[in-house]
Amino acid sequence: MLPYLAKCAAAIMSSSPPIARQAFLHGAIAILPLSLAVAPWGLLAGSMAIEANLSAWQGQGLSAIVFAGAAQLVAIGMLKGGANLLSILLTTLLLTSQHLLYGLSMRPVLSNQPLRWRLGLGFLLTDEFFALTSHYDQQQFNRWYALGIGLTFYVAWNLFTLAGIVLGQNIPHLDQLGLDFSIVATFVALIAPLVRNLATVVCVAVSLFCSVLFSYWHWETALVAAGLLGMAAGFVCQKFTGGRP
Amino acid sequence: MTWLLIFAMGAVVFLNRYAFLEPRLPLRLSSNARQFLGFAVPGMLTAICGPIIFLPGHQLDLSPLNPYLLGALVAVALVLLTRSVLLSMLASMLIFFLLRSWLA
């Protein structure tokens, strides 16, 4: 998968018109900080796979094919605990259902793209990708910029997974180092600047409270339920105050 | 078995991501729906962080000395003060790992 992608990237660089190439590079640069910050999380995904007795190829395959950090870690944990295929798939479906929302939100800019762009950018639609591209409207949206973001993040995620696999084979208990804090550090840095009005404060507060409560209750839908409630609370608050988003 | 799982998981995640990008799906977004979706970034990203901060190792930890909580607060302060995403991420991670080794 990785050599193939490197070839793709090289082909993009050489065959596309200069404006597209520039937009691709701008996207790649825009996602660079987040690609570096995902390192601890990628290390965790790689090393946990090894600790759960998956082969190195299977550990890498998870990152290359599934490409969803939280779902990968939970699936590895369930596999270790002896869960069956169907329950792991159902959990994956629920855990990654926020992507339905991202797809819905990106629909105005992505649904009118040609099929191969929809499939490609759809595959690359992660939390981070969404955070960096969701505020563009139809005029401003550039698919090459979006591809630069998505592909760079994909390559980084897979390289860090590989590093985790190599380290996991040599250093035990990488999962007890608190590497998951990197997700908090990244997302907090993305959210905090957005909190500029009462509606967003309400949205964040409700979402935070509900996510902790529902997770404490072991709901499998905890994250998406909490997120939806937070969004609804923000939306209602905005309707009442008449403020801008 | 494991490979089957990996490919099936890939298919499930991809379907979640692609479903609403399909133009043949008869669906138009109202202005209310768009406003609602405008809260997707703060709402969803916060929900992902919540349990990591307050349920480390699946144990509820509401103590003010919880290193995840302190690290998150440092990250908020840094990004609001410096406006630099990269700097606040790196600095808050460093502080988190220091706090963790002191408070553990």
Count of residues meeting criterion [more than 7 Å from every other protein chain (Cβ to nearest Cβ) and in a helix (DSSP H, G or I)] in region B:29-42: 4
Search result, residues across region B:69-95 that are touching a Pro at 6+ places or on another chain (Cβ under 9 Å) and either surrounded by 23 or more Cβ atoms within 10 Å (Cβ to Cβ) or basic (Lys, Arg) (or both): B:Val79, B:Arg83, B:Met89, B:Met93
Helices (runs of 4 or more DSSP H) wholly inside region A:30-104 that include at least 3 residues being at pLDDT 90 or above: A:39-51, A:56-61
Tally of residues being of a type in the set (Val, Ile, Thr) and either loosely packed, with under 14 Cβ neighbours inside 10 Å or under 30 Å from A:Gly242 (Cα atoms) (or both) across region A:167-201: 6
Where a residue in region A:64-92 is under 20 Å from A:Ser215 (Cα atoms) and its partner, wherever it lies, is among the charged types (D, E, K, R), with Cβ under 8 Å and at least six apart: A:Leu90/A:Glu220; A:Thr91/A:Glu220
Test set (1) outside the structural domain of A:Phe130 (by TED's automatic domain parsing); (2) touching a residue at least 60 places away in the same chain (Cβ under 8 Å) - A:Val206 fails condition number: (2)
Options B:Leu45, B:Leu25, B:Leu60: the member that is facing chain A (nearest Cβ under 7 Å) and either outside any helix (DSSP H, G or I) or among the small types (Gly, Ala, Ser) (or both): B:Leu60
Test: residue in region A:106-127 that is of a type in the set (D, E, K, R), surrounded by fewer than 16 Cβ atoms within 10 Å (Cβ to Cβ) and in a helix (DSSP H, G or I): yes
Helices (runs of 4 or more DSSP H) completely within region A:134-224 that count 1 or more residues being within 21 Å of the chain's Cα centre (by Cα) and modelled with pLDDT of 95 or more: A:143-170, A:198-216
Options A:Arg107, A:Arg143, A:Arg116; residue that is charged (D, E, K, R) and within 9 Å of chain B (Cβ to nearest Cβ): A:Arg107
Verdict on A:Tyr136 being out of contact with any strand residue (DSSP E or B) (no Cβ under 6 Å at 6 or more places or on another chain), more than 7 Å from chain B (Cβ to nearest Cβ), aromatic (Phe, Trp, Tyr) and surrounded by fewer than 16 Cβ atoms within 10 Å (Cβ to Cβ): yes
Among (1) exposed (fewer than 14 other Cβ atoms within 10 Å of the Cβ); (2) modelled with pLDDT of 90 or more - the single one B:Gly57 does not satisfy: (2)
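The values are calculated or read from the model by the stated rules, or taken from the named source; none is laboratory data. Nothing here was measured: the structure is a model prediction, and the numbers come from that model. For neighbour counting, all protein chains shown are included, and Cβ atoms are generated from backbone atoms with ideal geometry for every residue, glycine included.
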